[in-house]
Amino acid sequence: MTDCLGPRLKVGVVLPATNTSVQPEMEAMRPEGVTNHTGRMQTEDTSLTGGIEDLVSSYREATHRAIGSLLPCKPDCFVVAFSPEIYWDGPGSQDEVVASMKSASGGLPVTMSPDAFTTALSHYGARRLGVITPYVPAGDDSVSRFFTESGYDVVSMTGLGCSSPERIAHVPEPELREAVKAVDTPDVEAIVQVGTNMAMMRVAAGAEEWLGKPVISNNTVLYWRALRQNGIPDRIRGFGSLAAEY
């Protein structure tokens, strides 16, 4: 017997309590026969203006508890939709963090942003990036360092300076479109957006049409990677070239 609504895949989606963008955006991408099941990390809406060190520290234990809260529904895999955790200490920390999450999940597959982005960018052969973040400079620096140490050239970066995690979801689409224009240069081969509470999915898909290059939103790449890692090959239209072609 299989789950009636999710016979192909049940995805456990772990996100901060402040996040209002991941759940609707990933639900919009969900193929037939796949179901999403959300576990919220019990966290506060901490100020980002003084840096994100305290935010990262407070979220680590909360992530494990949120994973544990979903285990009784027996998901097939997990998506951890929180970006700063793994960017903060650079690419060298990626294996350790993912191993920690897999341990909390009882060994189930775990998808996180860095692997999702690097896998997506390899499909395009893109190495020169324009990067959009919702963060203040301390967060921007950690993201830039991660991509640079992973072998990419960060040609341009725009941080939108959101004051708290919850406020990230308030950035309107016109401002997101201006951010895309700000980081686009002739040298940029692909634009990536980090920060899962930024509702960028529609803007990114539309921007590809007028830029003629990949524009990859955080929630799109995370969910796409989770589907492909777990045997769901469906090409999904309306969310950009990544989900439609790879």
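General observations
- Estimated distance in nm for a label pair at residue 65 and residue 211, the labels positioned 7 Å out from Cα along Cα-to-Cβ: 3.8
- Percent of Cα-Cα distances greater than 17 Å, calculated over region 190-246: 31
- By accessible area, using a 1.4 Å probe on protein heavy atoms only, region 131-246 has 47% of its surface on carbon and sulfur.
- 1.4 Å probe accessible area per residue over the chain, in Å²: 41
- Estimated [θ] at 222 nm from DSSP helical runs (n ≥ 4, -39500 (n - 2.57)) normalised by residues in the chain, nearest 500: -12500 deg cm²/dmol
- Rg(Cα)/(2.2 N^0.38 Å) for the chain, N = residue count: 0.94
- Placing +1 on the Cβ of every Lys and Arg and -1 on the Cβ of every Asp and Glu, with nothing else charged, gives the chain a dipole about its Cα centre of roughly 700 debye.
- Label-point separation, residue 178 to residue 237 (7 Å along Cα→Cβ), nm: 3.4
- Using Cβ point charges alone (K and R +1, D and E -1), the dipole size of region 142-188 about the Cα centre works out to roughly 120 debye.
- For the chain, relative contact order (Cα pairs under 8 Å, six or more residues apart, normalised by length) works out to 22 percent.
- Qualifying trypsin sites (Lys or Arg not before Pro) in region 188-246, where qualification requires a DSSP coil assignment and no more than 13 other C-beta atoms within 10 Å, comprise 235, 237.
- The lysine pair tally for the chain, using Cα distances under 22 Å and a gap of 8 or more places or different chains, is 4.
- Relative contact order computed over region 56-188 (Cα-Cα under 8 Å; 6+ residues apart), in percent: 23
- Its Cα gyration tensor gives region 64-182 an equivalent ellipsoid, and the semi-axes of that ellipsoid, as √(5λ) in whole Å with the largest first, are 27, 18, 13.
The values are calculated or read from the model by the stated rules, or taken from the named source; none is laboratory data. Values in this document were obtained by computation on a predicted structure and should not be read as measured data. Neighbour counts run over all protein chains shown; Cβ positions are idealised from the backbone, glycine included. The area values use the complete protein model at the heavy-atom level, side chains included, leaving out ligands, DNA and RNA. Shrake-Rupley method; radii C 1.70, N 1.55, O 1.52, S 1.80 Å.
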